[in-house]
Amino acid sequence: MFFEAQHTHSPIHRISELAQELLFYRINESDFVMDATMGNGYDTLFLWKKVKPTGKVIAFDVQPRAIYQTKELLRNNGWKEDDPAVELILDSHSHFVKYVDRPLKAVMFNLGYLPGSDKEISTSWTEMKCVMDHLVHRYLIVGGYISIVSYSGHDEGKSEQAELLTYVRNLPSKYWGVMEITRSNAAESAPKLILIERKE
Ligand SMILES: C[S@@+](CC[C@H](N)C(=O)[O-])C[C@H]1O[C@@H](n2cnc3c(N)ncnc32)[C@H](O)[C@@H]1O
């Protein structure tokens with residue numbers, strides 16, 4: 001497949017933007033998608049632009065500041081509070097089944113902590129595993145995708161990434177396509193992008 005001329009590419013080392021590029025042609029208007037780690041809202045904005053006006057993005061974060069930042073970003077891009085194509089939820093992604101009543105086409109994770117905020121509030125493998133189990137067993141549709149940007153530069157991130165890699169590498173290849181992308185000529189701790197596709 002060839003990219004359309006109007007889509008501008010970001011440098012390939014910006015791995016969170018690469019995640020968006022890989023999902024760009026795999027998400028359509030009217031899809032139901034999830035941003036599991038809202039943060040400053042860049043992935044929520046990307047997903048909203050892809051699925052509006054008939055689809056929906058549901059986004060989670062445990063910090064009120066993330067909701068505030070994401071609303072600001074969306075508003076600056078033309079979003080209105082009464083737009084049903086976005087639902088921002090102040091809760092852990094580990095509780096997403098309380099809010100999601102139908103299967104998802106795509107889920108984005110950007111792990112770690114909110115840049116410029118309290119580093120104590122970081123994602124954890126325990127909560128993430130809970131989401132992954134639900135997605136794998138029920139909530140991701142065939143032809144659906146999970147993208148995960150994972151960092152191992154700090155101690156917690158290191159163990160989170162190790163558990164995550166063990167989990168995704170053990171997904172049966174008959175049903176799941178799993179790719180790991182990283183900068184080969186950078187430090188071992190450079191961020192990794194994991195892209196997962198449900199095959200059948
Ligand atoms: C690296 S930031 C996400 C960046 C975001 N994708 C963006 O585009 O700006 C990680 C976020 O995950 C949030 N987080 C941590 N644990 C969480 C959980 N259990 N459920 C939902 N969000 C969580 C943090 O509060 C933080 O805002």
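Things to note:
- Residue in region 84-94 that is outside any loop (DSSP other than H, G, I, E, B) and either away from the ligand (no atom under 12 Å from the Cβ) or more than 19 Å from VAL131 (Cβ to Cβ) (or both) present: yes
- THR37 surrounded by 23 or more Cβ atoms within 10 Å (Cβ to Cβ), within 12 Å of the ligand (Cβ to nearest atom), assigned to a helix (DSSP H, G or I) and not aromatic (Phe, Trp, Tyr): no
- When residues of region 44-67 are limited to those that are over 20 Å from VAL97 (Cα atoms) and charged (D, E, K, R), the one surrounded by the most Cβ atoms within 10 Å (Cβ to Cβ): LYS50
- Per the listing SER184, SER189, SER152, SER147, the residue uniquely in a loop (DSSP other than H, G, I, E, B) and crowded, with 16+ Cβ neighbours inside 10 Å is SER152.
- Checking each residue in region 47-60 for being within 12 Å of the ligand (Cβ to nearest atom) and either assigned to a loop (DSSP other than H, G, I, E, B) or touching a residue at least 40 places away in the same chain (Cβ under 8 Å) (or both) picks out LEU47, ILE58.
- Of all the criteria given as (1) outside any strand (DSSP E or B); (2) exposed (fewer than 14 other Cβ atoms within 10 Å of the Cβ), the one not satisfied by HIS134 is (2).
- Pairs, first within 14 Å of PHE60 (Cβ to Cβ) and of a type in the set (Asp, Glu) in region 113-134, second near the ligand (Cβ under 8 Å from one of its atoms) and assigned to a helix (DSSP H, G or I), C-beta under 7 Å, six or more apart: GLU127/HIS93; GLU127/SER94
- Exactly one residue out of ILE141, ILE194 is part of a strand (DSSP E or B), β-branched (Val, Ile, Thr) and crowded, with 19+ Cβ neighbours inside 10 Å, and it is ILE194.
- Residue within region 99-119 that is more than 8 Å from the ligand (Cβ to nearest atom), surrounded by fewer than 16 Cβ atoms within 10 Å (Cβ to Cβ), acidic (Asp, Glu) and in a strand (DSSP E or B) present: no
- Residues located in region 70-83, provided they are within 14 Å of the ligand (Cβ to nearest atom) and surrounded by 12 or more Cβ atoms within 10 Å (Cβ to Cβ): THR70, LYS71, GLU72, LEU73, LEU74
No lab work stands behind these numbers, since they all come straight from the coordinates. Since we're looking at a predicted model, the values are computed, not measured. Note: ideal-geometry Cβ built from the backbone for every residue, glycine included; neighbour counts use all protein chains shown.
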